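For reference, the structure discussed in these notes is given below.
Throughout, read-outs are computed from the coordinates displayed, never taken from laboratory work. On a predicted model such as this, the values are computed, not experimentally measured, just so you know. Methodologically, a virtual Cβ is constructed for each residue, glycine included, from the backbone with ideal geometry; neighbour enumeration extends over all protein chains shown.
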Amino acid sequence: MTTQTRKTIFNRPEKPYVHPYIGGIVLGVVLFLAFFLTGNGLGSSGATSRIDALIVDSISPAHVDNNPYLLKMAGGDKNPLDDWIVPVFFGALFGGFSSGFFNGRLKFMTTKGPNISNRTRWLMSFLGGVIFLYGARMARGCTSGQALSGGATLSAGSWVVMFAIFGGAYGLAYFVRKLWN
Amino acid sequence: MNFPLPSLVAVSAANPWTYVLFAVIGFAFGYTLEMSGFGDSRKLAAQFYFTELTVLKVMFTAIVVAMVLLFGAVGLGLLDFSQVWVNPTYLASGIVGGLIMGVGFIVGGFCPTTSLASASTGKIDGMMFMLGGFVGAFLFGETEQYFTQWYNNAGYFGRVTLDQVFGIPLGAVVVLVVFMALFMFWGAEQLERIFGKKDLSKEPKLRPVGAMLLAAAAFAVFFIGSPSLEDKYNKLTFTRTETIEQLNADPITETKIYTADEMLSNRLVFITPAEAFKAKYNQSMNPVYLDVRSETDYNLYHIEDAVNVPAERMTEVIPVLLTEPPANTVYILMSNDEAAAVQAWKTLVASSVPNVYILEGGVNNWIAFFGNDDKALQPDPNAGDDQLGFVFPAALGSRYESCSPNPIEYESLEFEAKIKLQLKRDKSGGGCG
């Protein structure tokens, strides 16, 4: 990682990332405060399907009423966005933006391995997003909602999900090494 | 003050600032992820080639720090763990979903929240991942109906924590997880040295101090232990709004806060047989009749649909009462008179089971009310305290007429409604779901 100054949006000097353990401690305190104040942990993938439900509901409300999964979120006059995870989702977007702003990391670019083109990388990240969120909805939570939040509350199922995520990624890593190395 | 704060457990239009609070939490979440470097997919993918294990370090530091603080607060009685969302265990969908997520992780280079940190700082691959995420979540919604049985039932164990799985105290699990994490950090640094050619001598020298502090905190959590039921009982409060009729003015509504003992002494949790019976036909609630007497008494006579949970088995069923039933469930406890039911009430409310009430006068009063013209049931003058006050010709269980009073015959019953349905947040709405 480089610490040298590069041109970014707003021309702020790019600062280095914090040390992983410091980042982890801050994240742990944030997670604890979330539990302590609200009883809920952190998450984001739930918001993705709620935004989906909103879109489906505005295009075809009848389809929502025929789909039990969507019905729970957007059936009748329920507003699918009326859930704690939605403000967390938008807060996280803004939080990421702010950290990028203050640390000079706002920049249109593509982060990728050295041996693939931008287009391949875009296609792969799109595909990865499709696969990841499909799995996240099946497991009822992603790395945040299951591994992080469930891990801290010692939920047995969340620890299983966490090891399954790492298992899946390590299992496939060798076969897609061209993407990253 | 009891945490989590009841008004904050869910966003609600009634309290618009709850949206602000959750947005602030999300802001801190996104900010931390970005400043740790999770907006860059290379940093995330490097985890799986052992060249840089930032993902593991940040994630496990966060887990153990939050875990130690959380169970420390629970042990000190500041935080009510039963009100903390614990992801329910679904083994089958959890394992398959987890493996699929792993594939998405290594192919896409992000997880959902890190893609937010990436997209919001202008990374085009992060935006593509987010976009793909909307498609993936949509596809799940469309296909869930084909495996809904499997999804909702396979390997379902409800709210289970690791201490229950291994049968050891919670504090011991906290200590073990901390030591496992410290070992993993050490291993991660060795891997970075070997595969990532990283110079460990440039790492901060304070790491061993941090590790020792963390271990000390974990041992502190272990020695603090969990608060006793008695401590929890003494901290309970109940809120009731009361309307006072005024002679020449509008009635005044007052909000009063009672302790658990005051709820008992003011008889606010005792409901008449009429109310207990009518609850069955009330669409807004789902009554569960818990008969805490011995099996012998239960076999002699019990009201229809009552479940026999003898007092000594009460603690076994509490986890089920906390997780399984719908939120509008009302528990109606009964013993022969009231003494055993009052004890059971104290145990249940101290364990944070919501909507628990006691049948006034117990089964004896039920029989006196609904069965006074049943010639087969004769009062027993020798009955002692909290014993059955009737003589039964046979152990007919719930086959006496008064066990299931005729709803038409008793259609109009007058009673002062004591049940105040308290809808705790819908547990299925927590977590990422």
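Here is how the numbers come out for the structure above:
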{"read-out": "Highest average packing first - B:374-384, B:102-112, Cβ atoms within 10 Å", "value": "B:102-112, B:374-384"}
{"read-out": "Within region B:274-304, chymotrypsin sites (Phe, Trp or Tyr not before Pro) in DSSP loop having at most 14 other beta-carbon neighbours inside 10 Å", "value": "none"}
{"read-out": "Shielding of A:64-72 by partner chains, average beta-carbon count, 10 Å", "value": "3"}
{"read-out": "Proximal lysine pairs, chain A, alpha carbons under 15 Å, eight or more residues apart or interchain", "value": "4"}
{"read-out": "In region B:6-230, lysine pairs closer than 16 Å at Cα, eight or more apart or cross-chain", "value": "5"}
{"read-out": "Cα-based convex hull volume of region B:90-142 per residue, rounded to whole Å³", "value": "74"}
{"read-out": "DSSP-defined beta bridges in the protein assembly as shown - what % are antiparallel, rounded to 5", "value": "50"}
{"read-out": "On Cα atoms only, tilt of A:45-59 relative to the major axis of chain A in degrees", "value": "60"}
{"read-out": "Mean separation of Cα contacts under 8 Å (6+ apart) over length of chain B, as relative contact order %", "value": "14"}
{"read-out": "Span-rule helices in chain B, defined as complete DSSP H runs reaching 24 Å or more along the axis (Cα) with Kyte mean at least -0.5", "value": "B:17-35, B:54-75, B:91-108, B:124-143, B:170-195, B:207-224"}
{"read-out": "Cβ-defined net charge surrounding residue B:299, 15 Å radius [Lys, Arg +1; Asp, Glu -1]", "value": "-2"}
{"read-out": "Rounded to 5, the percent of DSSP beta bridges in chain B classed as antiparallel", "value": "50"}
{"read-out": "Calculated [θ] (222 nm, deg cm²/dmol) that DSSP helices of n ≥ 4 give over chain B, each run adding -39,500 (n - 2.57)", "value": "-14500 deg cm²/dmol"}
{"read-out": "For peptides A:21-28, B:391-398, sequence by mean Cβ density within 10 Å, most packed first", "value": "A:21-28, B:391-398"}
{"read-out": "Per-residue mean of C-beta atoms belonging to partner chains within 10 Å, peptide A:100-111", "value": "6"}
{"read-out": "Eligible aspartates and glutamates near residue B:375 by straight Cα distance, threshold 17 Å, same-chain separation 8 or greater", "value": "B:401"}
{"read-out": "Inter-chain shielding of B:49-59 (mean C-beta neighbours from other protein chains, 10 Å cut-off)", "value": "5"}
{"read-out": "Mean separation of Cα contacts under 8 Å (6+ apart) over length of region B:108-203, as relative contact order %", "value": "12"}
{"read-out": "Chain A - percent relative contact order, Cα under 8 Å, separation 6 or more", "value": "26"}
{"read-out": "FRET E, pair residue B:149, residue B:12, Förster distance 22 Å, beta-carbon r, rounded to 0.05", "value": "0.10"}
{"read-out": "By average C-beta atoms within 10 angstrom, highest first, the peptides A:52-61, B:353-362", "value": "B:353-362, A:52-61"}
{"read-out": "Mean-position separation - Cα centroids, region B:91-136 and region B:375-426, in angstrom", "value": "57"}
{"read-out": "Nearby aspartates and glutamates by direct alpha-carbon distance to residue B:418 (threshold 12 angstrom, same-chain neighbours under 8 apart not counted)", "value": "B:242, B:275, B:360"}
{"read-out": "Interatomic Cα distance distribution for region B:6-230, bins of 10 angstrom, percent", "value": "7, 22, 32, 30, 9, 1"}
